[in-house]
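> Here it is, the structure, as structure tokens.
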Amino acid sequence: MDKHRRWTYSITKLVFWATIFAGAFLFFCFRSSPPSHSTTMKWGSSSNTPQWEKRVRLSARSRSGHLSVLVTGAAGFVGSHVSAALKRRGDGVVGLDNFNSYYDPSLKRARQKLLEQKGVFVMEGDINDEKLLKKLFDIVEFTHVMHLAAQAGVRYAMKNPGSYIHSNIAGLVTLFEACKSANPQPSIVWASSSSVYGLNSKVPFSEKDQTDQPASLYAATKKAGEEIAHTYNHIYGLSITGLRFFTVYGPWGRPDMAYFFFTKNILKGKPISVFQGSNNKSVARDFTYIDDIVKGCLGALDTAEKSTGSGGKKKKNAQLRVFNLGNTSPVPVTKLVSILEKLLKVKAKRNVLPLPTNGDVMFTHANISYAHKEFGYKPTTDLQTGLHKFVNWYLDYYSVSEKKIY
Ligand SMILES: O=C(O)[C@H]1O[C@H](OP(=O)(O)OP(=O)(O)OC[C@H]2O[C@@H](n3ccc(=O)[nH]c3=O)[C@H](O)[C@@H]2O)[C@H](O)[C@@H](O)[C@@H]1O
């Protein structure tokens, strides 16, 4: 090769590699800069950090003297209602949700959108993501964590036991670890479940009753959560309040729950399975309306004392509480169906089946005197009124006009 040709060859090679590098650079820049209005902005891409941090900070901003709350499971049923209520009264709220597909994620996205309109940023992320949690606590001094992210549902535990361990055990521990290391430590309020009473037969269920006969893996993981809470309170001085929710229902509810899919099936003319105990005994639940639950959650947050630890050690004993949040008036499932029939003006095709032994219990009934004493908890919505509100929402959300029903 003569001198001139070697020179031309080197230049061509240089231009080739420069083009490759420039292309790669532009590709990565473009890929990691989602539009600012994106509602699905995910945690994890380093170059969106300043924008992401800004949204977190803005969402966490509270009126003076108000709380700053990290709500996990914020795109969930209870989480979205609690987040909206906190924001309404001036608290700062940052939401976290993994938007999993246990039930229709589009419903979760719709809740997220609604919250966004109210100024609550619900980011997509998992409670098992240590780095994300650490980052959040580095950015914001959360005064409280409202932990509502969980794998719910008593019967699904037979199908996917791993998901209960992942969310309700591993996820809970990851969250507690992050809270214990945060400076200052937040106070924690989290969702346990009425299912921890399991096969107990003494009614109404009191927080003082023993809870060592869970009937489902779901119940067992919630019970385990209560024990794990005790440990983190004992060792690290975390202030922790567990709330045992009793079959929560209402607008924006969970499609995996009976009142929800009964409504769907009744409207479609499909049969529904109504469970019954032995000797024709009816199965009953202490159905609790979402607005009452929200009041209970806010009451628990407002009466939560500060955590007492720092640097991995507690300075003194911290508060540890468990409350029933129920309605105190169990209603047979057969009655629930009758109310729905009247509201929907459609007769249900009922298949009466024996109560499955894969997680269900015969009845639940809350004694709520402790929550009443501590923060004035007093449910005010009966099943008829609450279902009316649910049905109105359902018909509106799924745009089922009266004409289409008949
Ligand atoms: O209170 C609680 O802790 C629990 O309440 C509900 O669990 P569950 O009461 O079983 O709620 P549903 O699955 O909606 O069932 C309500 C009632 O309908 C009955 N049912 C359910 C499904 C069905 O096809 N037929 C039927 O008769 C059940 O036996 C139960 O008595 C939630 O799904 C749990 O996540 C929550 O933790």
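Any read-out appearing in this document is the output of simple, stated calculations on the displayed coordinates, not a laboratory observation. The model shown is predicted, which means the values in this text are computed figures rather than measured ones. Neighbour counts run over all protein chains shown; Cβ positions are idealised from the backbone, glycine included.
> Might you report the magnitude of the Cβ-based charge dipole of the chain about its Cα centre, with Lys and Arg at +1 and Asp and Glu at -1, to the nearest 20 debye?
With Lys and Arg at +1 and Asp and Glu at -1, about 900 debye.
> Give the percent of DSSP beta bridges with both residues in the chain that are antiparallel, rounded to the nearest 5.
So the antiparallel bridges amount to about 10 percent of the total.
> Let me ask something else about it. For the stretch 193-260, what value does the Rg/Rh ratio take when both radii are computed over Cα atoms and Rh is the Kirkwood radius, given to two decimals?
1.03
> Sort 70-79, 364-373 by packing, meaning the average of other beta carbons within 10 Å per residue, with the highest value first.
70-79, 364-373
> Convex hull over the alpha-carbon atoms of the stretch 120-241: what's its volume per residue in Å³?
With only Cα atoms used, the stretch 120-241 gives 119 Å³ per residue.
> While we're looking at this one, here's another question. Going by average Cβ density within 10 Å per residue, which order do the peptides 339-347, 143-151 take, highest to lowest?
The packing order, highest mean first, is 143-151, 339-347.
> Got a sec? Charge dipole of the chain, +1 on Cβ for Lys and Arg, -1 for Asp and Glu; which of Asn324, Phe121, Ile169 is way out at the positive end?
About the Cα centre, the residue reaching furthest to the positive side is Phe121.
> Please work out the Kirkwood hydrodynamic radius for the stretch 150-405, using every pair of different C-alpha atoms, and report it in angstroms with one decimal place.
For the stretch 150-405, the Kirkwood estimate is 19.4 Å.
> For the stretch 222-330, which GluC sites (Glu not before Pro) pass both filters: DSSP loop (anything but H, G, I, E, B) and at most 16 other C-beta atoms within 10 Å?
Passing both the DSSP loop test and the Cβ count: Glu305.
> Moving on. Would you work out the charge dipole size for the stretch 276-355 about its Cα centre, treating the Cβ of every Lys and Arg as +1 and the Cβ of every Asp and Glu as -1, and quote it to the nearest 20 debye?
Dipole about the Cα centre, nearest 20: 220 debye.
> Which whole-number percentage describes the relative contact order of the chain, with Cα contacts under 8 Å and a sequence gap of 6 or more?
RCO, the chain: 15 percent.
> Here's a follow-up. Amide H neighbours of Thr241 under 5 Å, at least 5 residues apart or on other chains, H built in the peptide plane: list them.
Distant-sequence amide H within range of Thr241: Ile188, Val189, Trp190, Arg321.
> What residues have an amide H closer than 5 Å to that of Leu325, excluding those fewer than 5 places away on the same chain, when H is modeled at 1.01 Å from N in the peptide plane?
Those qualifying (amide H under 5 Å, at least 5 residues apart or on another chain) are Arg244, Phe245, Phe246.
> Could you state the principal axis extents of the C-alpha atoms in the stretch 181-332, from the largest down, to the nearest angstrom?
Sorted from largest, the Cα extents of the stretch 181-332 read 59, 32, 24 Å.
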